[in-house]
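**Student:** Starting off with a structure, shown below.
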Amino acid sequence: MKHLDASAYDTDKGSLAHYLRNYERYFAPLVEKEIKLLELGVLKGGSLLMWRDFFERGTIVGLDIEPCALEDATGRIRLYQGSQDDLALLDRIARENAPKGFDIIIDDCSHIGELTRISFWHLFTNHLRPGGIYAIEDWGTGYWESRPDGRGYRPPRRPSARYRLVSVLLRAIEGATGRKVGARWKMKLRKLSFYKQRFPSHDCGMVGFVKELVDEAGMGDIRHPRFGAGVYRPSLFLSTHISHSHVIIEKAPETDRREGQKPGAGQEGE
């Protein structure tokens with residue numbers, strides 16, 4: 001397997017080692033191909049040089065809100081200036097460089113949830129080929145008060161008062177009668193008080209957007225023909241890999257994304 005080494009380039013992609021390990025794993029089948037890669041947020045362009053050298057037959061495209069001057073003797077790097085939420089610009093970049101769709105898109109741009117969301121859904125839907133890979137870096141900024149849309153993490157709440165009350169009542173009944181309350185009745189009582197409540201969950205900024213992506217990954221259950229709502233459709237994602245501040249999504253093939261088709265064997269539920 002070909003290895004990525006960021007140390008020779010002006011980029012911070014090596015600051016979290018698992019970023020490069022994840023990329024090596026997902027990009028391995030594409031190393032020798034004439035891929036089209038788009039990166040949002042390139043700063044001085046060091047990462048573009050790294051991708052150029054890693055994909056020796058690839059076309060490497062970068063977008064940044066600030067101007068970037070980069071020397072590239074191969075002519076395989078192409079630079080654009082603008083904002084990641086400029087949809088007309090994103091369309092032009094795709095039209096000029098990857099009319100059949102990008103193989104890889106990497107977002108290392110604003111790290112602001114709403115901007116990342118806008119560019120993700122537009123590019124993923126319109127300009128990432130089926131089977132392509134979309135990576136989002138630094139989603140953990142949603143936990144930081146210093147970020148425009150971040151907020152400090154608040155630990156989960158203790159179990160609800162109703163749940164604690166039911167637990168006390170169950171113990172009292174068992175103590176008074178000397179008999180254990182049946183598991184089925186315990187389950188019914190606790191469902192009423194606790195099991196159907198929503199788990200406390202941080203959902204600010206980039207963290208909230210990543211949890212929106214989790215919902216899309218679960219679309220086969222959200223739209224399940226027996227247990228869900230609406231017309232069945234599978235997820236637009238073939239796979240979703242979430243790790244510390246890093247998300248990698250593989251786009252499902254077209255044949256896997258047809259609305260109304262029934263789920264495959266083993267997905268009907270009990």
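The values are calculated or read from the model by the stated rules, or taken from the named source; none is laboratory data. These numbers come from a predicted model, not from an experiment. All Cβ positions, even for glycine, are placed from backbone atoms using ideal geometry, and neighbour counts span all protein chains on display.
**Student:** Tell me which residues, restricted to segment 6-49, are over 16 Å from Ile133 (Cβ atoms) and either among the hydrophobic types (A, V, I, L, M, F, W, C) or without any contact (Cβ under 8 Å) to a residue 24 or more places away in the chain (or both).
**Tutor:** Ala6, Ser7, Ala8, Asp12, Gly14, Ser15, Leu16, Ala17, Val42, Leu43, Leu48, Leu49
**Student:** Could you look through segment 20-56, keep only residues that are touching a strand residue (DSSP E or B) at 6+ places or on another chain (Cβ under 7 Å) and among the β-branched types (Val, Ile, Thr), and pick out the one that is farthest from Ile104 (Cα to Cα)?
**Tutor:** Val42
**Student:** Kindly indicate the residue of segment 160-188 that is in contact with a helix residue (DSSP H, G or I) (Cβ under 7 Å, 6 or more places away or on another chain) and either on the phi > 0 side of the Ramachandran plot or surrounded by 13 or more Cβ atoms within 10 Å (Cβ to Cβ) (or both) and also modelled with the lowest pLDDT among those meeting that condition.
**Tutor:** This residue is Lys186.
**Student:** In addition: Which is among the hydrophobic types (A, V, I, L, M, F, W, C), in contact with a Gly (Cβ under 8 Å, 6 or more places away or on another chain), under 30 Å from Arg151 (Cα atoms) and surrounded by 14 or more Cβ atoms within 10 Å (Cβ to Cβ), of Leu43, Leu63, Leu48?
**Tutor:** Exactly one of Leu43, Leu63, Leu48 is among the hydrophobic types (A, V, I, L, M, F, W, C), in contact with a Gly (Cβ under 8 Å, 6 or more places away or on another chain), under 30 Å from Arg151 (Cα atoms) and surrounded by 14 or more Cβ atoms within 10 Å (Cβ to Cβ), namely Leu63.
Each row is one residue, and each column tells you yes or no for (1) at pLDDT 95 or above; (2) of a type outside the set (A, V, I, L, M, F, W, C); (3) touching a strand residue (DSSP E or B) at 6+ places or on another chain (Cβ under 7 Å); (4) on the phi > 0 side of the Ramachandran plot.
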position	(1), (2), (3), (4)
Gly62	yes, yes, yes, no
Ile118	yes, no, no, no
His122	yes, yes, no, no
Gly142	yes, yes, no, no
Arg157	no, yes, no, no
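**Student:** Could you grab me the full set of residues in segment 106-135 that are farther than 21 Å from Thr11 by Cα, not aliphatic (A, V, I, L, M) and not in a helix (DSSP H, G or I)?
**Tutor:** Correct list: Arg129, Pro130, Gly131, Gly132.
**Student:** So, in segment 14-25, exactly how many residues are modelled with pLDDT of 95 or more and either over 13 Å from Phe55 (Cα atoms) or surrounded by fewer than 12 Cβ atoms within 10 Å (Cβ to Cβ) (or both)? Spell out the reasoning first.
**Tutor:** Our first condition is that a residue be modelled with pLDDT of 95 or more; within segment 14-25, this holds for 18-25.
Those still in the list that are either over 13 Å from Phe55 (Cα atoms) or surrounded by fewer than 12 Cβ atoms within 10 Å (Cβ to Cβ) (or both) too: 18-22, 25.
Counting residues in segment 14-25 that are modelled with pLDDT of 95 or more and either over 13 Å from Phe55 (Cα atoms) or surrounded by fewer than 12 Cβ atoms within 10 Å (Cβ to Cβ) (or both) gives 6.
**Student:** State all residues of segment 139-148 that are surrounded by fewer than 21 Cβ atoms within 10 Å (Cβ to Cβ) and under 13 Å from Val247 (Cα atoms); if no residue qualifies, say none.
**Tutor:** Gly140
**Student:** Before we move on, is Glu71 at pLDDT below 95 and farther than 21 Å from Pro130 by Cβ?
**Tutor:** Considered against the rule, which asks whether it is at pLDDT below 95 and farther than 21 Å from Pro130 by Cβ, Glu71 comes out as yes.
**Student:** Something else: Condition first: more than 22 Å from Asp12 (Cβ to Cβ), over 24 Å from the mean Cα position of the chain (by Cα) and part of a loop (DSSP other than H, G, I, E, B). Now tell me which residues in segment 42-93 satisfy that.
**Tutor:** Across segment 42-93, the qualifying residues are Glu56, Arg57, Ala73, Thr74, Gly75, Arg76.
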